[in-house]
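For reference, the structure discussed in these notes is given below.
The values are calculated or read from the model by the stated rules, or taken from the named source; none is laboratory data. The shown structure was predicted, so the numbers you read here are calculated from the model rather than taken from an experiment. With ideal geometry, Cβ positions are generated from the backbone for all residues, glycine too; neighbour counts draw on all protein chains shown. Calculation scope for accessible area: heavy atoms of the full protein, side chains included, ligands and nucleic acids excluded. Shrake-Rupley method; radii C 1.70, N 1.55, O 1.52, S 1.80 Å.
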Amino acid sequence: MAWLCNSFQRLRLSHPLARRISFALLVFLLAFVARVHLANTGRLEYDEKDYAKAAVQYANYLKIGDWNSIVQDDFNYEHPGFFKLVYGLAVLPSSPQKLLDLSMNFSVRQHKESDRVVALRRVSVGFGSLAVFLLALANPLAGLFLAVHTFAVKYTSVIYLEALPMFSALLSLQAFSAFLKRGPGKRGVVWLIQSAAALGITAASKYVYALIGVVILVYSIFWMLRRRRSFISSLALWGAASLLIFWAVDPYLWANPVQRLSDSLQFNIDFSQGPAIKYTAYPVWQPVIWLLKSMPQQQYTLTPFFLQPGDFWVAIDTWIFWLGVIGLPLMLKRSPEYFLWLVIGIGFLLVWSTKWPQYVMLVLPPLCLAAAYGVQSLFLVGKMIWHKLQPPGSKVS
């Protein structure tokens with residue numbers, strides 16, 4: 001029996017897809033352990049108190065079935081509600097809940113209700129690790145880079161709004177790419193709807209990540225021009241389904257969609273020109289500065305995040321950045337959709353006035369893929385140089 005099981009396992013792992021899934025699972029496990037470690041030990045962050053409060057309020061409403069309060073609750077209305085509702089599910093079993101006091105900056109272990117804090121943080125851990133898994137399916141080395149990137153580990157280990165939309169944005173792009181490969185038939189439409197649903201969830205979790213919709217549209221235009229084929233009707237279906245899902249999973253929009261969405265977006269526009277932004281006075285290129293160094297190596301006078309020794313096991317963000325620069329030409333050739341994601345994302349971060357460090361999460365998946373292509377580019381260059389150094393007539397394996 002053991003021989004049969006071993007033979008079956010060898011047969012399965014000999015298949016390229018099985019190997020890819022196996023590697024992706026290993027990278028996922030690494031990402032998960034690193035994030036659980038930080039979720040269990042890391043210091044409390046600035047905005048965790050706001051999202052924890054929203055989650056507890058939603059949990060209390062859900063416990064008594066008070067959907068009207070969910071629809072009318074305008075706390076933290078500047079951000080859409082879906083991810084905060086998901087957080088609420090994490091503390092739902094023990095409600096009615098008291099609000100968590102996360103105003104003090106100390107290790108989560110010192111908090112009197114650390115179990116509840118960690119329960120919320122593990123929602124972020126789960127989605128952050130799943131994003132690593134999806135990227136590792138596309139490229140195992142890219143997934144490995146995302147698994148250990150300090151900004152990715154940090155902001156998918158705390159009660160922030162980054163983990164779910166980063167995961168769903170990546171899923172939306174991958175599903176749309178699968179649609180393009182299969183065409184507008186039955187099998188293709190399934191991927192198209194999946195991409196639309198993921199995009200709607202992305203926008204309903206944090207607006208900025210809906211930029212992936214712009215990336216997909218731009219990529220679609222280039223794809224149609226290059227192949228001289230059109231799928232405008234499919235794009236229209238994709239866009240309509242995305243908007244429908246976006247509205248359906250954000251209850252705050254149900255009562256007055258246009259006015260409430262307008263107010264929410266206007267808040268973010270006003271904030272980007274407000275006193276907090278003027279006080280920090282980050283330069284236009286600040287997002288590049290975030291990406292250039294690992295979190296513990298950042299130089300700053302205004303503390304943008306709270307750290308302590310042992311938060312991260314490795315710190316190779318600088319290597320990832322420069323490998324990403326090296327890998328851009330190869331990524332443009334082999335994964336143009338991710339190239340567009342990186343270029344459009346960086347462009348947006350440079351233009352947008354709000355320069356908070358967590359915003360670089362928007363471009364970490366394509367940057368990590370570019371870094372993987374950078375490693376491959378260096379290998380190809382090294383191989384070419386090695387061949388040229390061989391004496392004429394010699395055999396090189």
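Listed values, structure above:
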| quantity | calculated |
| --- | --- |
| Failed criterion for L130 (all others in (1) open to solvent by 30 Å² or more (accessible area, probe 1.4 Å); (2) more than 22 Å from Y373 (Cα to Cα); (3) in contact with a Phe, Trp or Tyr (Cβ under 9 Å, 6 or more places away or on another chain); (4) not polar (S, T, N, Q) hold) | (2) |
| Test: residue in region 105-114 that is at pLDDT below 95 and open to solvent by less than 10 Å² (accessible area, probe 1.4 Å) | yes |
| Condition broken by I326, with the remaining ones in (1) within 26 Å of P140 (Cβ to Cβ); (2) part of a helix (DSSP H, G or I); (3) open to solvent by less than 60 Å² (accessible area, probe 1.4 Å); (4) modelled with pLDDT of 95 or more satisfied | (3) |
| Leading residue by the ranking (modelled with the lowest pLDDT) among those in region 5-26 that are among the aliphatic types (A, V, I, L, M) and under 18 Å from A131 (Cα atoms) | I21 |
| Flag for L364 being farther than 30 Å from V158 by Cα, open to solvent by less than 40 Å² (accessible area, probe 1.4 Å) and of a type in the set (A, V, I, L, M) | no |
| The one condition in (1) open to solvent by less than 20 Å² (accessible area, probe 1.4 Å); (2) outside any helix (DSSP H, G or I); (3) closer than 22 Å to A203 by Cα that L100 fails to fulfil | (3) |
| Residues of region 28-50 classified as touching a Phe, Trp or Tyr at 6+ places or on another chain (Cβ under 7 Å), open to solvent by less than 20 Å² (accessible area, probe 1.4 Å) and closer than 15 Å to F133 by Cβ, total | 1 |
| Test: residue in region 113-136 that is touching a strand residue (DSSP E or B) at 6+ places or on another chain (Cβ under 8 Å) and either touching a residue at least 24 places away in the same chain (Cβ under 8 Å) or not acidic (D, E) (or both) | no |
| Helices (runs of 4 or more DSSP H) contained entirely in region 137-224, each with at least 3 residues that are open to solvent by 10 Å² or more (accessible area, probe 1.4 Å) | 140-148, 163-182, 186-203 |
| Residues satisfying the stated conditions in region 43-91, i.e. in a loop (DSSP other than H, G, I, E, B) and in contact with a strand residue (DSSP E or B) (Cβ under 9 Å, 6 or more places away or on another chain) | L44 |
| Matching entry among K293, K355 (being among the basic types (K, R) and open to solvent by 50 Å² or more (accessible area, probe 1.4 Å)) | K293 |
| Region 225-237: number of residues that are touching a residue at least 24 places away in the same chain (Cβ under 8 Å) and open to solvent by less than 30 Å² (accessible area, probe 1.4 Å) | 2 |
| Residue list for region 302-323, filter: within 21 Å of the chain's Cα centre (by Cα) and either aromatic (F, W, Y) or surrounded by fewer than 13 Cβ atoms within 10 Å (Cβ to Cβ) (or both) | F305, F306, F312, W313, W319, F321, W322 |
| Residue count for region 133-164, restricted to those that are touching a Phe, Trp or Tyr at 6+ places or on another chain (Cβ under 8 Å) and under 17 Å from G88 (Cα atoms) | 7 |
| Among residues of region 232-259, those that are part of a loop (DSSP other than H, G, I, E, B) and more than 21 Å from the chain's Cα centre (by Cα), counted | 3 |
| Sole exception among (1) assigned to a helix (DSSP H, G or I); (2) at pLDDT 95 or above; (3) among the small types (G, A, S); (4) surrounded by 15 or more Cβ atoms within 10 Å (Cβ to Cβ) for S262, by number | (4) |
